Amino acid sequence: VRVGRVAMVRDLLATVTTGELAATRKGPWDPEYPETTPACLHVILQEEWEHHRYAVRDLDAIEATSDA
């Protein structure tokens, strides 16, 4: 599932136009509050970054205990 979603975002970033970036979307939590396309992309990229940080942190902890 995640690989497919990453590919979807990658494809969007490769083909998105300035007009599409300027568009607003209905907010998922409050449809009365529109979100810009860049704001939506920022959420996705921030979540990916935090996922990466969490995974790397755990790998460092595992390496530290296996070296001991």
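Some notes on this structure:
- Qualifying helices (runs of 4 or more DSSP H) (wholly inside the chain; at least 3 residues being of a type in the set (A, V, I, L, M) and without any contact (Cβ under 8 Å) to a residue 40 or more places away in the chain): 2-15, 37-67
- Considering the stretch 26-68, the residues that are among the polar types (S, T, N, Q) and under 28 Å from Asp11 (Cβ atoms) include one that is farthest from the chain's Cα centre (by Cα), namely Thr36.
- Test for Trp49: is it exposed (fewer than 10 other Cβ atoms within 10 Å of the Cβ) and among the aromatic types (Phe, Trp, Tyr): no
Any read-out appearing in this document is the output of simple, stated calculations on the displayed coordinates, not a laboratory observation. What you are looking at is a predicted structure, and each value in this text was computed from that prediction instead of being measured. Here the Cβ is made from the backbone with ideal geometry for all residues, glycine too, and neighbour counts use every protein chain on show.
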